[in-house]
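What follows is a single structure, written as structure tokens, with notes after it.
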Amino acid sequence: MSNPVFSRSDVFGEPRRTGAAGARRGGTATYPNQTPAYGTAPQPGQYGQYGAAGQRPMDASELDAMYQSPSATTADTRRMTYDDVIIKAGGLLALLVVVAAATWTLVPAPMVPVAMIVGALGGLVLGLVNSFKKNPSPALIVAYTIFEGAFVGGISLLMESMAPGVVVQAVLGTIATFAAALFLFKSGRVRVTPKFTRWLLIAVAGYAVFSLVNFGLVMFGVLDGWGMRSGWLGVVVGIVAVGLAAMMLILDFDSIKRGVEGGAPAKMAWAAAFGLLVTLIWLYIELLRLLTIVQTLFSGD
């Protein structure tokens, strides 16, 4: 998948990545050491060498070690649920809003750009670290949220000074887009197919290259202002970017659905919530920038 939080995980990946040959034949993907569903025959070798036909029985010391080991707790055996993802994603969003509001109201005006830069750099580093970790780290995910909250608060204050009222519009637009994407996914009006995924991956990669080139041209003084995103071309690019972020949400929903239905461990709810947060922040920033460009055009500045 395009979102690295989900695409690099065997838990949220496509069936051909999470299952073995049986999954490709229409079977159910299983995870290491996972107990098969009730009524399903164990697969050869699923529980290791012991108990498999033709293998040696456990000796007395091994049996004693097994009985002396602590019993599995509910935390060890629980599987990820939609409620887990919703609670964790809601908590991270609440923390993001609190940090953003604190940056907006408490940080002195001369220090806002510094807070924004520190937040952007810290969020970038922790975002990459969290995206490439096999097992999610709640502490690192919370740290990412705090850094991103500082960045979101700083850039929101900057855009609000350029186009008053734009922050409220961007927040409402983000909520509306999230709700629309969820409705389209749940209703089946938009289906996540391999072709759809490949097309979106190419489109997002192209947009990322465009954004990096535009950022470089502005940083080195070749272009000023919004760079290639100035004027009506910037409006068109912004609409495309918002559309890509909305489609990325649909891919995220599909990845979470596969994780829940595939019996992913409960701890992976942190990774799912983090993935959703990354996409929502991207969507909000794109809407904020698009609305600021539009208001600037119509105000004649």
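The values are calculated or read from the model by the stated rules, or taken from the named source; none is laboratory data. These numbers come from a predicted model, not from an experiment. Neighbour counts are summed over all protein chains in view; Cβ atoms, including those assigned to glycine, are modelled from backbone coordinates with ideal geometry. Note: accessible area is taken over every heavy atom of the protein model, side chains too, but ligands, DNA and RNA are not part of it. Shrake-Rupley method; radii C 1.70, N 1.55, O 1.52, S 1.80 Å.
I want to confirm something. Restricting to segment 231-247 and keeping residues that are surrounded by 13 or more Cβ atoms within 10 Å (Cβ to Cβ) and not aliphatic (A, V, I, L, M), which single residue is farthest from the chain's Cα centre (by Cα)?
By that ranking, first place goes to 231.
How about segment 256-266: which of its residues are surrounded by fewer than 24 Cβ atoms within 10 Å (Cβ to Cβ) and either of a type in the set (Gly, Ala, Ser) or touching a residue at least 40 places away in the same chain (Cβ under 8 Å) (or both)?
The answer is 258, 260, 262, 263, 265, 266.
Looking at (1) surrounded by fewer than 22 Cβ atoms within 10 Å (Cβ to Cβ); (2) touching a residue at least 40 places away in the same chain (Cβ under 8 Å); (3) farther than 30 Å from residue 78 by Cβ, which is the one condition that is false for residue 218?
(2)
Specify the residue that is surrounded by the most Cβ atoms within 10 Å (Cβ to Cβ); the eligible residues are those in segment 198-215 that are over 15 Å from residue 286 (Cα atoms) and touching a Ser or Thr at 6+ places or on another chain (Cβ under 7 Å).
Per the stated criteria, the residue is 200.
Any idea which of 172, 184, 157 is surrounded by fewer than 19 Cβ atoms within 10 Å (Cβ to Cβ), farther than 15 Å from residue 287 by Cβ and either without any contact (Cβ under 8 Å) to a residue 24 or more places away in the chain or touching a helix residue (DSSP H, G or I) at 6+ places or on another chain (Cβ under 7 Å) (or both)?
Answer to the check: 184.
I'd like to check something: does segment 267-283 contain any residue that is farther than 30 Å from residue 226 by Cβ, touching a residue at least 60 places away in the same chain (Cβ under 8 Å), of a type in the set (S, T, N, Q) and open to solvent by less than 10 Å² (accessible area, probe 1.4 Å)?
For segment 267-283, residues farther than 30 Å from residue 226 by Cβ, touching a residue at least 60 places away in the same chain (Cβ under 8 Å), of a type in the set (S, T, N, Q) and open to solvent by less than 10 Å² (accessible area, probe 1.4 Å): absent.
Would you check which residues across segment 253-296 are more than 19 Å from residue 173 (Cα to Cα), aliphatic (A, V, I, L, M) and touching a helix residue (DSSP H, G or I) at 6+ places or on another chain (Cβ under 8 Å) and list them?
Correct list: 256, 260, 266, 268, 269, 271, 272, 273.
Exactly one condition in (1) within 25 Å of residue 136 (Cβ to Cβ); (2) open to solvent by less than 10 Å² (accessible area, probe 1.4 Å) is false for residue 293; which is it?
(1)
Going through 118, 152, 107 one at a time, which residue ends up being over 22 Å from residue 268 (Cβ atoms), in contact with a helix residue (DSSP H, G or I) (Cβ under 9 Å, 6 or more places away or on another chain), modelled with pLDDT under 95 and not charged (D, E, K, R)?
The conditions single out 107.
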